[in-house]
Structures are given as C-alpha cells and as structure tokens.
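Chemist: I am attaching a structure below and will ask some questions about it afterwards.
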Amino acid sequence: MAKSKFEYVRHFEEEKKCLKDCWIVVRIDGKSFHKFTKLHDYIKPNDDRGLNLMTKSALSVMENIKDICLAYGQSDEYSFIFQRNTQLYNRRESKIMTYVCSLFSSSFVYYWNNFFEYPLKSIPSFDAKIILYPTNKKLRDYMSWRQADCHINNLYNTAFWALIQEGGLSPRDSEQRLCKTVSSDKNEILFTEFNINYNELPQLYRKGTVIISTKEKSEIEKEPKVILSVQHVDIIGDQFWKEHPILDKYPD
C-alpha cells in the first residue's frame, strides 16, 4: 500500500509498554459519582443495585479479556489484575487501560436497566490508571490496601447515615459527631444507639467483591473454558491465597 506524505505524523505517537515480569493492575474509578448517585436516588449507605451493577460490568470485562486473573471491587471502583506474563496488546499501557475502561463504562450503561427500575438521568463515566507491581508481596499488599479502604469507608458511612436516617441529625451534625472518632467509637455508636452490630452486616458491604478467574479444560472445545467466581471474602489473611494460589503460578 502506498504511503502518503502525511504519514510522518505517526512518529509523534508514543508507545509506552508495561515493564516485563510485573503485575499489571488497571483500577477504574467512578467520576463525580457522589453527584451521580444522588441524582439517581441510590440507597444509602449501600445500594445493592449499584454494587451488583458494578460487579456485572466487571464480569463483562473479564469475559472479554481472558488475561485478567483476578478483580476486586468496592463502592465505585474496580481493580483488574492481569496475568503477570500477559502479552495483551504487546503490553502497551494506553491500549490496555483504555480497553478496560471503555468496556467497563459501556457495560455499566448496557446493563443499567437490569438493576434499576428507571432510566439513566445522566451519563456515567469512569477514569482509569495502570499500576505495576514487581513482586507478589506488593500485589498482595495492594489488594489488602483496597479491602482495608473498603472497611474504613463502609464503617464511616454506616455510622454517618445511621445518625442521619435513624438519629435525626443533619449531614453536617453527623459529620461533626464522627469527627476524630476511631473505629471502636463508630462501632460503639452503631451498637448502643441503633442496635447495629457492624460485624453482622453483609460481607458484600464490609469486604467488597472478589472475582476469581479459573480455566477448565474441555474435551469438546480447543480453548479452556473460563470460570468466573464471585466471592465476598477476606483477602488480607493467608486463607484466600492458600485456597486460590494465583500468585504461586508466577514466583518472584
């Protein structure tokens, strides 16, 4: 095919590749989701419809991108972990990141009516970033950090909205009441004032959502069948990693 005289502009394109032998993590986050959830009347502090829609969108991503071995989601974010040796898009950062983000965003819109009884009132959007982790320990610490963040945020939000919905406080007064409190203080407020045992709340709220991808050999099909398992479990302790030795496949 003949080249045009304008093709020289391609030299301005940068092709940044993810470093070899590193775990690739793509984390998507909802943009201005506080405003979005308010406009769409999300139930506070946790809306099962919204959380399940996020997970459905994440499953859609993993069904289309087989190189993702693990995902973790909470609130309006999801982290997708690629197989350490993935060669998807020749490890080009922008390709991987934009593919995940666009697929997640379009799935969120596509499946909206499966979870909400009213149409979208505004356009949802997500941003994304890529993080590289050179060792298994650092990847595991990243996952632990996100689940710890889930617990911290959910405990605060549960206490915050209990003070408003059942305690009759204004949002500002509720915020001031919780200012400078620690986790034990929030647990005490929930239990003594509202008879809520935080540890008995659904694991979905306290632990977030883990999606595990495993491959099952098929005698009929040439390619292994991908099985996606959705769980709400602790990923900070050792038990999860013993039951799902994902990291063991890629020794440091």
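The values are calculated or read from the model by the stated rules, or taken from the named source; none is laboratory data. Every value quoted in this text rests on a predicted model; they were computed, and no experiment measured them. Neighbour counts are summed over all protein chains in view; Cβ atoms, including those assigned to glycine, are modelled from backbone coordinates with ideal geometry. Keep in mind that these areas ignore ligands, DNA and RNA; they rest on the heavy atoms of the full protein, side chains included. Shrake-Rupley method; radii C 1.70, N 1.55, O 1.52, S 1.80 Å.
Chemist: Give the stretch 1-42 a look and list any residue that's touching a helix residue (DSSP H, G or I) at 6+ places or on another chain (Cβ under 9 Å) and either open to solvent by 100 Å² or more (accessible area, probe 1.4 Å) or among the polar types (S, T, N, Q) (or both), or say none.
Modeler: Listed by number, the residues that qualify are E14, E15, K16, L19, K20, T37.
Chemist: What is the one condition in (1) surrounded by 11 or more Cβ atoms within 10 Å (Cβ to Cβ); (2) at pLDDT 95 or above that K215 does not satisfy?
Modeler: (2)
Chemist: Condition test on K207, is it exposed (fewer than 12 other Cβ atoms within 10 Å of the Cβ) and of a type outside the set (S, T, Y)?
Modeler: When the stated conditions are applied, K207 does not pass them.
Chemist: Report, ordered by the first and then the second residue, all pairs with beta carbons closer than 7 Å, sequence separation of six or more or different chains, a first member in the stretch 239-250 that is at positive phi and part of a helix (DSSP H, G or I), and a second member that is open to solvent by less than 40 Å² (accessible area, probe 1.4 Å) and modelled with pLDDT of 95 or more.
Modeler: Every condition considered, no pair remains.
Chemist: A follow-up question, please. For I96, are the conditions met, namely being of a type in the set (V, I, T), surrounded by 20 or more Cβ atoms within 10 Å (Cβ to Cβ) and at pLDDT 95 or above?
Modeler: Criteria met by I96.
Chemist: Follow-up. Can you confirm whether S229 is within 23 Å of W145 (Cα to Cα) and touching a residue at least 24 places away in the same chain (Cβ under 8 Å)?
Modeler: no
Chemist: Given (1) more than 25 Å from the chain's Cα centre (by Cα); (2) assigned to a loop (DSSP other than H, G, I, E, B); (3) touching a residue at least 24 places away in the same chain (Cβ under 8 Å), identify the lone condition not met by L163.
Modeler: (2)
Chemist: Taking only pairs six or more apart or across chains, which ones have beta-carbon atoms under 8 Å, a first residue in the stretch 171-184 that is open to solvent by 60 Å² or more (accessible area, probe 1.4 Å), and a second residue that is polar (S, T, N, Q) and outside any helix (DSSP H, G or I)?
Modeler: none
Chemist: With respect to T181, determine if the residue is at negative phi, out of contact with any Leu (no Cβ under 7 Å at 6 or more places or on another chain) and part of a loop (DSSP other than H, G, I, E, B).
Modeler: The answer is yes for T181.
Chemist: When the residues of the stretch 242-252 are filtered to those that are out of contact with any Cys (no Cβ under 8 Å at 6 or more places or on another chain) and buried (at least 16 other Cβ atoms within 10 Å of the Cβ), which remaining residue is farthest from E200 (Cα to Cα)?
Modeler: My answer is L247.
Chemist: Okay, next question. Consider S106 against the criteria (1) surrounded by 14 or more Cβ atoms within 10 Å (Cβ to Cβ); (2) under 18 Å from the mean Cα position of the chain (by Cα); (3) hydroxyl-bearing (S, T, Y): it satisfies all of them except one. Which criterion is unmet?
Modeler: Failing condition for S106: (1).
Chemist: Of the numbered conditions (1) touching a helix residue (DSSP H, G or I) at 6+ places or on another chain (Cβ under 8 Å); (2) of a type outside the set (D, E, K, R); (3) open to solvent by 40 Å² or more (accessible area, probe 1.4 Å); (4) part of a strand (DSSP E or B), I227 satisfies every one except a single condition; which is it?
Modeler: Every condition holds for I227 apart from (1).
Chemist: Out of all the residues in the stretch 127-159, which are touching a Leu at 6+ places or on another chain (Cβ under 6 Å) and closer than 30 Å to S184 by Cβ?
Modeler: Of everything in the stretch 127-159, just one residue is touching a Leu at 6+ places or on another chain (Cβ under 6 Å) and closer than 30 Å to S184 by Cβ, namely A159.
Chemist: Among all residue pairs at least 6 apart or on different chains, which show Cβ distances below 6 Å where the first residue, located in the stretch 132-156, is open to solvent by less than 20 Å² (accessible area, probe 1.4 Å) and the second is among the aromatic types (F, W, Y) and in a helix (DSSP H, G or I)?
Modeler: N154/Y205
Chemist: From the list E117, E188, pick out the single residue that is more than 20 Å from I28 (Cα to Cα), open to solvent by 30 Å² or more (accessible area, probe 1.4 Å), outside any loop (DSSP other than H, G, I, E, B) and among the acidic types (D, E).
Modeler: Going through E117, E188 in turn, the sole match is E188.
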